[in-house]
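Undergrad: Take a look at the following structure, please.
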Amino acid sequence: MLSVWQGSAAQQARELIPAGIAVAAAFHNLSAELLAHDGPADCDILVCSDDDEAKCAASELAAKIPGARALNGGKLEIVSTANQDNPLMGKAISGAEGKAVFGCDVWEHAYYLKYQNRRAEYLKAFWNVINWAEVAKNYDAAKK
């Protein structure tokens, strides 16, 4: 069973499937509830992969959903760093490189006063307070 703090489904799939099989992350913001409504979905679908064929296949699938727009997200990574390290410090220090779009602190000091030892509950609530407009700005800046 995958835990919420173990990374994305695409990241887990990459670790579980045989080499040579492409993985593309997409559709994570397209809920069954949204698809169940009458009319177009009216949403953007960020398609991310370092495999161009997988990105193309996911984009073609998105095009079949009325109102959905596939956006090429390039290559995005979910990384974990120790302590207060971050990708801006470089691979030699943090084990990751690149520009952070957003982060989530899972040290106990980040959530203990409100959630005590309920890390999963904290992470579930975390998704409700993200300022997606700022994340989008960070993403756009990182692409430059």
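The values are calculated or read from the model by the stated rules, or taken from the named source; none is laboratory data. Quick caveat: nothing in here was measured; it's all calculated off a predicted structure. Counting neighbours? That spans all protein chains shown, and the Cβs are built from the backbone with ideal geometry, glycine included. Quick note on the areas: whole protein, heavy atoms, side chains included, nothing else; ligands and nucleic acids left out. Shrake-Rupley method; radii C 1.70, N 1.55, O 1.52, S 1.80 Å.
Undergrad: FRET efficiency for Leu113 and Leu34, Cβ-Cβ distance as r, R0 = 35 Å, nearest 0.05?
TA: On the way: r = 35 Å, r/R0 = 0.99.
Step by step, r from the Cβ atoms, then E = 0.50.
Undergrad: How would Ile130, Ile21 line up by accessible area, probe 1.4 Å, largest first?
TA: Output order, biggest surface exposure first: Ile21, Ile130.
Undergrad: When averaged across all projection directions, what area in nm² does the alpha-carbon convex hull of region 57-131 cover?
TA: Values: hull surface 29.1 nm².
If I average the Cα hull's projected area over directions, I get 7.3 nm².
Undergrad: To continue, here is another question. Hey, can you rank 50-60, 76-86 by average C-beta count inside 10 Å, highest first? Present the calculation step by step, with values, prior to reporting the outcome.
TA: Values: 50-60: 15.5, 76-86: 12.8.
Ranked from most to least packed, the peptides come out as 50-60, 76-86.
Undergrad: Here's a follow-up. So with the 1.4 Å probe, I'd like the accessible area per residue for region 22-130, rounded to whole Å².
TA: Values: 7640 Å² over 109 residues.
Result: 70 Å² per residue.
Undergrad: Please report the Cα spread of region 104-144 along all three principal axes, rounded to whole Å, starting with the longest.
TA: Principal-axis extents of region 104-144 (Cα, largest first): 39, 17, 13 Å.
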